[in-house]
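Undergrad: Quick one: structure below, then a few questions.
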Amino acid sequence: MEGYGKKYAIVRKNREFQFLFQKGNNFVTYAFACYHRANNRRVNRLGIVASKKVGGAVKRNRAKRVIREAFRLAEPELRAKTEKRFDFVFVARGKTPYVKSTAVCGLMKNFMDRLV
């Protein structure tokens with residue numbers, strides 16, 4: 001495997017999150033909701049949101065870890081299939097902390113197949 005660096009960037013600014021919530025397309029499953037929009041960058045970007053509705057700090061952090069790991073596994077497949085790059089914001093839902101990252105990864109791969 002070449003290098004250990006991340007192959008994606010992070011959405012960090014509040015205005016970028018708000019822009020994706022307002023202008024992005026959405027996709028909803030039982031484990032997460034995803035807002036996405038094509039960008040003009042070289043890499044895909046990831047943002048994760050977990051509100052207090054998900055649970056306490058431990059559950060919110062677990063939900064974010066599960067989504068991050070699933071994206072790490074699913075993103076190279078998307079990169080290989082298309083030259084387009086996207087901004088993604090994943091919103092954790094109540095069941096997310098209880099679902100395995102492999103199950104979330106399967107949902108993400110199905111979703112990303114629809115993008116291509």
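Each value in this text was obtained by applying a stated rule to the coordinates, not by laboratory testing. If you're wondering where the values come from, they're calculated on a predicted model, not measured in any experiment. Note: ideal-geometry Cβ built from the backbone for every residue, glycine included; neighbour counts use all protein chains shown.
Undergrad: Just how many pairs of Lys in region 1-109 have C-alpha atoms closer than 21 Å, counting pairs that are eight or more places apart or on different chains?
TA: Taking region 1-109 as the scope, the lysine pair count is 27.
Undergrad: Which whole-Hz couplings ³J(HN,Hα) result when phi for each residue of region 90-104 is put into the Karplus expression 6.51 cos²θ - 1.76 cosθ + 1.60, θ = phi - 60°, listed in order with x for Gly and Pro?
TA: Per residue, the Karplus-derived 3J(HN,Hα) values read 9, 10, 5, 10, x, 8, 3, x, 9, 9, 5, 5, 5, 5, 5 Hz.
Undergrad: How much net charge surrounds Arg42 when only the other residues with a Cβ under 14 Å from the Cβ of Arg42 are counted, with Lys and Arg +1 and Asp and Glu -1?
TA: Local charge sum for Arg42: +4.
Undergrad: Also, I was wondering about something else. If each residue's Cβ is checked for other Cβ atoms within 10 Å, how do Ile10, Ile67, Ile48 rank with the fewest at the top? Walk me through the intermediate numbers first.
TA: On the way: Ile10 11, Ile67 27, Ile48 20.
Sorted ascending by nearby Cβ count, the order is Ile10, Ile48, Ile67.
Undergrad: How much space per residue, in cubic angstrom, does the convex hull of the C-alpha atoms of region 71-116 take up?
TA: Taking only Cα atoms, region 71-116 has a hull volume of 72 Å³ per residue.
Undergrad: Quick check: the angle from helix 14-23's long axis to the longest principal axis of the chain, C-alpha only, nearest 10 degrees?
TA: For helix 14-23, the angle is close to 80 degrees.
Undergrad: Classify region 1-58 as rounded, prolate or oblate, taking a ≥ b ≥ c as the square roots of the eigenvalues of its Cα gyration tensor: rounded when a/c is under 1.5, otherwise prolate if a/b is larger than b/c and oblate if not.
TA: Oblate.
Undergrad: Order these by the 10 Å Cβ neighbour count, fewest first: Lys59, Lys81.
TA: So the ranking, lowest neighbour count to highest, is Lys81, Lys59.
Undergrad: Moving to a separate point now. Rounded if a/c is under 1.5, else prolate if a/b is larger than b/c, else oblate: which is region 9-115, with a ≥ b ≥ c the root eigenvalues of its Cα gyration tensor?
TA: Because a/c hits 1.5 or more and a/b fails to exceed b/c, region 9-115 counts as oblate.
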